[in-house]
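Notes follow the structure.
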There are 2 protein chains.
Amino acid sequence: MLSIPRFGRMALKQVSSSKSFGGFQKVFEHDSVELKCKMKFAVYLPPKAESAKCPVLYFLSGLTCTEQNFITKSGFQQAASEHGLIVIAPDTSPRGCNIKGEDDSWDFGTGAGFYVDATEDPWKTNYRMYSYVTEELPQLVNANFPVDPQRTSIFGHSMGGHGALICTLKNPGKYKSVSAFAPICNPMLCVWSKKAFGEFLGPDQNKWKAYDATHLVKSYTGSQLDILIDQGKADEFYDQLLPENFIAACTEKKIPVVFRLQEGYDHGYYFIATFIADHIRHHAKYLNA
Amino acid sequence: MLSIPRFGRMALKQVSSSKSFGGFQKVFEHDSVELKCKMKFAVYLPPKAESAKCPVLYFLSGLTCTEQNFITKSGFQQAASEHGLIVIAPDTSPRGCNIKGEDDSWDFGTGAGFYVDATEDPWKTNYRMYSYVTEELPQLVNANFPVDPQRTSIFGHSMGGHGALICTLKNPGKYKSVSAFAPICNPMLCVWSKKAFGEFLGPDQNKWKAYDATHLVKSYTGSQLDILIDQGKADEFYDQLLPENFIAACTEKKIPVVFRLQEGYDHGYYFIATFIADHIRHHAKYLNA
């Protein structure tokens, strides 16, 4: 199938580049067609990328994050370097669109795009993070870095764990593997995302189901999945995340989920850093197969 | 020798605690006697500290840092957990003392105490970071955490690399081992520290020698040292650091220095994170001997 890159030829501006574990941690800026604003994203190029095409792993971040949090705090570069994976970390929302109410709260708007394509005013022009992370950004990455697009996987944290799960469930075969740290598993029932879905998608909750992992898994008919989820038992937001609902839906569909309830861990980056090597290994098993 | 803890009984207030690699990354606040202000410091307790006294390793941070930078960005917890080391990361200056000029520049005053005891007004009352990191903080740590004070080591980055070197050279036998990332090696000849030393210590440069590693090593008569220094070859501040002067002085004194010039690495935390496990291993060799 011939695909014409709608976005691949857009210019990238390098914002920073630092050597890290033999490779390079870089940040780029570009004019996003989907989001109609300047966006930054981070790219880790492992040493292997100097001489060969590498698999690519997307990490979607949680509420309030930019492209910086994951790349500065998780320590993922060590394992990505070892396994030869290119890792992409996008921002979590459009930036600087000057929409009324965009900056009023930490859990909605700026830093909180929830990986949906908004259908409601005033959000629908810019807040298209679902199309950005599943279409525009991959085309840009595939056109500009030494990636093998046939070997793409995705993971994320909290709101970004929700993002990773829905991107996988809505696009069977697009991602070789998926994992998440403390994901929002049933956003229709979570205070943060109920507010965001109402604003972005309108009051009809039937429309929300298209972005709810627990609902999506019920009608999933794609290829076999092997989902890894780590969840801190001392997570201060545990009540919002509802992993049990997702696991029950997976069990009913006979989709295997490795759910690890980690004693004593909270919701933050010390938790992510502790288990990041396990997640990279999980993805490398499929990406380097 | 009986030592009476001047500071050990001061109250500590826990600011945060997160599980990390099986142990806990904590931050505490206390009223500093030396600095006459509230100070925060970070403590990593490895899993081993639940059941045994552990060696203790101090990390001194660079310009502009607080106790947060090292604990969120270096990923040291993985290796500290494995080797069973308690790691202490103090702040880099007194805070909130409201001294005129304290907050005017990023390389002097707040965030830039340079690990000296100031002798000049208006700094001499609060800017006593040398006594704080070598006396007050160790007594506080030894009295409140399961450490074996006989097994103490120190390392640091940039201004904190300078700090680690001078603390070691001025106190033979106090630290079992020392290492540094991109240390300021000859501060009397470095733009940043010439400014700071002039303000803190006055215009007589003979007084500056007491806080200059390259000068201190010339008169060092303590026990055998085994110094590890990593330096990025692409360090944007290389000209200020003058490692060659320090190495020449060490060579003359027949003090071994493992100096690793790391191709392509800059001055930042991606550089530190890449080599942190090597440094922890260097210290563990002496601390766990």
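The values are calculated or read from the model by the stated rules, or taken from the named source; none is laboratory data. Bear in mind the structure is a predicted one, so any value in this text is a computation, not a measurement. Virtual Cβ from ideal backbone geometry, glycine too; neighbours counted across all protein chains shown. The accessibility values were calculated without ligands, DNA or RNA, using every heavy atom of the protein model including side chains. Shrake-Rupley method; radii C 1.70, N 1.55, O 1.52, S 1.80 Å.
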Members of segment B:78-126 found to be among the aromatic types (Phe, Trp, Tyr) and under 30 Å from B:Asn288 (Cβ atoms), listed by number: B:Tyr115
For B:Phe259: the one exception among (1) surrounded by 22 or more Cβ atoms within 10 Å (Cβ to Cβ); (2) within 22 Å of B:Ala213 (Cα to Cα): (1)
Unmet requirement for A:Ser177, which otherwise passes all of (1) of a type outside the set (D, E, K, R); (2) in contact with a Ser or Thr (Cβ under 8 Å, 6 or more places away or on another chain); (3) within 18 Å of A:Tyr132 (Cα to Cα): (3)
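Yes or no, residue by residue, for (1) touching a strand residue (DSSP E or B) at 6+ places or on another chain (Cβ under 7 Å); (2) not small (Gly, Ala, Ser):
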site: A:Thr92; (1), (2): yes, yes
site: A:Arg95; (1), (2): yes, yes
site: A:Gly101; (1), (2): yes, no
site: A:Phe108; (1), (2): no, yes
site: A:Asp121; (1), (2): no, yes
site: A:Gln150; (1), (2): no, yes
Entirely in segment B:136-213, the helices (runs of 4 or more DSSP H) that have 2 or more residues that are open to solvent by 10 Å² or more (accessible area, probe 1.4 Å) and among the polar types (S, T, N, Q): B:137-144, B:205-208
Unique residue being out of contact with any helix residue (DSSP H, G or I) (no Cβ under 7 Å at 6 or more places or on another chain) and not polar (S, T, N, Q) when the list is A:Val15, A:Val33, A:Val87, A:Val56: A:Val15
Condition met for B:Ala118 (crowded, with 18+ Cβ neighbours inside 10 Å, at pLDDT 95 or above and under 16 Å from B:Ile229 (Cα atoms)): no
A:Asp91 more than 23 Å from A:Pro183 (Cα to Cα), in contact with a Ser or Thr (Cβ under 7 Å, 6 or more places away or on another chain) and away from chain B (no Cβ under 14 Å): no
Residues satisfying the stated conditions in segment B:237-274, i.e. touching a Phe, Trp or Tyr at 6+ places or on another chain (Cβ under 7 Å), farther than 26 Å from B:Val191 by Cβ and within 14 Å of chain A (Cβ to nearest Cβ): B:Thr274
Pairs with Cβ under 9 Å, 6+ apart, first in segment B:102-123 and under 16 Å from B:Cys65 (Cα atoms), second among the basic types (Lys, Arg) and not in a loop (DSSP other than H, G, I, E, B): B:Ser105/B:Lys195; B:Asp107/B:Lys195; B:Phe108/B:Lys195; B:Gly113/B:Arg128
Residue tally, condition farther than 24 Å from A:Gly222 by Cβ and aliphatic (A, V, I, L, M), over segment A:246-289: 5
Subset of segment B:230-244 (residues that are touching a Cys at 6+ places or on another chain (Cβ under 8 Å) and closer than 18 Å to B:Phe155 by Cβ): B:Leu241, B:Pro243
Of residues in segment A:124-135 being part of a loop (DSSP other than H, G, I, E, B) and open to solvent by 10 Å² or more (accessible area, probe 1.4 Å), the one nearest to A:Cys65 (Cα to Cα): A:Asn126
Residue in segment B:245-253 that is assigned to a helix (DSSP H, G or I), open to solvent by 40 Å² or more (accessible area, probe 1.4 Å) and under 16 Å from B:Ala180 (Cβ atoms) present: yes
Checking B:Thr221 against (1) polar (S, T, N, Q); (2) open to solvent by 20 Å² or more (accessible area, probe 1.4 Å); (3) free of Cβ contacts under 8 Å to residues at least 40 places away in the same chain, the condition it does not meet: (3)
Any pair with Cβ under 6 angstrom, 6 or more apart, that starts in segment A:265-289 at a residue that is touching a residue at least 60 places away in the same chain (Cβ under 8 Å) and ends at one that is among the acidic types (Asp, Glu): A:His267/A:Asp235; A:His267/A:Glu236; A:Phe275/A:Asp230
Search result, residues across segment A:18-46 that are within 12 Å of chain B (Cβ to nearest Cβ), in contact (Cβ under 8 Å) with a residue 12 or more places away in the chain and of a type in the set (Gly, Ala, Ser): A:Ser20, A:Gly22, A:Gly23, A:Ala42
Segment A:262-289, residues that are under 16 Å from A:Glu82 (Cα atoms), crowded, with 22+ Cβ neighbours inside 10 Å and not hydrophobic (A, V, I, L, M, F, W, C): A:His279, A:His283
